[in-house]
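Right, one structure below, let's go through it.
Only the coordinates and a few stated rules stand behind these numbers; no lab work does. From a predicted model like this one, the values you see are computed outputs, not experimental measurements.
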Amino acid sequence: MERIASFTVDHLNLLPGLYVSRRDKRGDVVITTFDMRMTAPNREPVLDIPALHTIEHLGATYLRNSKRKDDIVYFGPMGCRTGCYILMFGDLTSEDVFDLVADMCDFIISFEGDIPGAAPEQCGNYSEQNLNMAKYYISKYKKQLLENRSFEYTLL
């Protein structure tokens, strides 16, 4: 079997950032997958599951209510727990979505109250949430993102 594209990325040198990890085309439709890498793989601890779950709920809620909601295909965690994927319609670059991701971070950092979708009828594991740790991870990520804005933002 062929090795899938994400397994060809050198995770030993990957730093936190916002990367284009792939572009999929079918006809005139392009979907760009962004790697929202929050920790340095294999060098930093991974995100804990309750915090990552909260990031997923809040991030998806923000993106699907943002001014770019019609461009959003998917937002969710990486299985390795070092970040999240954002899939969007369009042939996009990291610069094209930088402000959207920064605004999503601000939304999560300032969020107070009940986590959207964290109810038994709305989520299969609704009680495993941690807002304080989600804010910690996202604050750290946003700081790194702003510091490294001039880096190359593609894994392709």
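Between amide H atoms placed 1.01 Å from N, distances below 5 Å from Y74 occur with L87, all of them 5 or more places distant or on a separate chain.
Here the 3J(HN,Hα) profile of segment 112-119, calculated from phi with Karplus coefficients 6.51, -1.76 and 1.60 at θ = phi - 60°, is 9, x, 6, 5, x, x, 8, 9 Hz, Gly and Pro shown as x. Taking the Cα atoms of segment 1-51, the ratio Rg/Rh between the radius of gyration and the Kirkwood radius comes to 1.06.
Taking amide H as placed 1.01 Å from N in the peptide plane, R22 has its amide H under 5 Å from the amide H of T33, each at least 5 places away in sequence or on another chain. Straight-line reach from K25: which lysines have a Cα under 28 Å away, not including same-chain ones fewer than 8 places off? Leaving aside lysines fewer than 8 places away in the same chain, those within reach of K25 are K67, K69.
Per the Debye formula on identical point scatterers at the alpha carbon atoms of segment 8-95, with no solvent, log10 I(q)/I(0) at q = 0.21 Å⁻¹ is -1.05. Restricted to Cα atoms, segment 62-130 shows a radius of gyration and a Dmax of 13.5, 37 angstrom. For the chain, pairs of C-alpha atoms spaced more than 29 angstrom apart make up 15 percent of the total. Look at the alpha carbon pairs under 8 Å that are at least 6 residues apart: their mean separation over the length of segment 5-147 gives a relative contact order of 28 percent.
Bridgeable lysines around K143 (alpha carbons under 22 Å apart, same-chain partners fewer than 8 residues away excluded): K135.
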